[in-house]
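The values are calculated or read from the model by the stated rules, or taken from the named source; none is laboratory data. Being a predicted model, the structure only gives us computed values, none of them experimental. Here Cβ is always computed from backbone atoms with ideal geometry, including for glycine, and neighbour counts include all displayed protein chains. Quick note on the areas: whole protein, heavy atoms, side chains included, nothing else; ligands and nucleic acids left out. Shrake-Rupley method; radii C 1.70, N 1.55, O 1.52, S 1.80 Å.
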Amino acid sequence: MTDLQELYQSVILDHNRKPRNFGELPSANRHADGRNPLCGDEVHVALVLDDTGVISDVKFTGHGCAISKASASLMTAAVKGKSRADAEALFARFHALVLGQDPEAGKSLGQLVVFSGVSRFPVRVKCASLAWHTLKAALESEAAADQAAAVSTE
Ligand code: ZN
């Protein structure tokens, strides 16, 4: 492995061991459940979308492989405080990165660039993008819905 790959690996392992923004968010007004049946990853994303369209808080719970958990951790850290439009634009760039569609995508993604290697492993792309698909489903869910929106990567 190159030094860069080792660095990326250590960031992913760190977020897997100590996930940021992990836990319940009772004040959430949007939430969704995501499943990746291929790997068994499950994630619940809860967020507060305020009156100005900003994600003022976001948390996740769930279980799965190291990549899915680290991705959920880094996703919440990346979108907290961002507008819905900015979060969705970030997802589009992240998706291009993990699919290997845009070699330049990593430049504007900050720490999320650690998932660039995933594009070489198609099965892992779903692990890395699950939390983001779930975020999108949560943003698209009706405010204060009793039922969480659900998304499956299959
Ligand atoms: Zn997985």
Checklist entry - Over all pairs of distinct alpha carbons, what does the Kirkwood formula give as the hydrodynamic radius of the chain, in Å? => result 15.2 Å
Next on the checklist: Tell me the carbon and sulfur percent of the accessible area for the chain, rounded to whole percent, probe radius 1.4 Å.
Outcome noted: 52 percent
Checklist outcome for this item: With x for Gly and Pro, the residue-by-residue ³J(HN,Hα) of segment 29-39, computed from phi through the Karplus equation 6.51 cos²θ - 1.76 cosθ + 1.60 at θ = phi - 60° and given in whole Hz, is 10, 9, 7, 7, 9, x, 10, 10, x, 4, 10
Checklist outcome for this item: So the FRET efficiency between ALA66 and SER27, C-beta based with R0 = 41 Å and rounded to 0.05, is 0.90
Checklist entry - Karplus couplings for segment 65-72 from phi (6.51 cos²θ - 1.76 cosθ + 1.60, θ = phi - 60°), rounded to Hz, Gly and Pro as x? => result 6, 4, 5, 5, 6, 5, 5, 5
Item to check | Spatially close lysines, pair count over segment 41-154: Cα under 20 Å, gap of eight or more or interchain | outcome: 13
Next on the checklist: For segment 28-154, what does the accessible surface come to per residue with a 1.4 Å probe? Please give it in Å².
Outcome noted: 45 Å²
Item to check | Peptide ranges 72-78, 121-127 listed from the most packed, as the mean C-beta count within 10 angstrom indicates | outcome: 72-78, 121-127
Checklist entry - Using r as the Cβ-Cβ distance of LEU38 and SER10, and R0 as 22 Å, what FRET efficiency do you calculate, to the nearest 0.05? => result 0.30
Checklist entry - For LEU99 and ASP3, FRET efficiency with R0 = 22 Å and r from the beta-carbon atoms, rounded to 0.05? => result 0.35
Checklist outcome for this item: Between VAL54 and SER152, the two model label points (7 Å from Cα along the beta-carbon direction) sit apart by a distance in nm of 3.8 nm
Checklist entry - For segment 84-89, in order, what is each residue's ³J(HN,Hα) by Karplus, 6.51 cos²θ - 1.76 cosθ + 1.60 with θ = phi - 60°, in whole Hz (x at glycine and Pro)? => result 4, 4, 5, 5, 6, 5
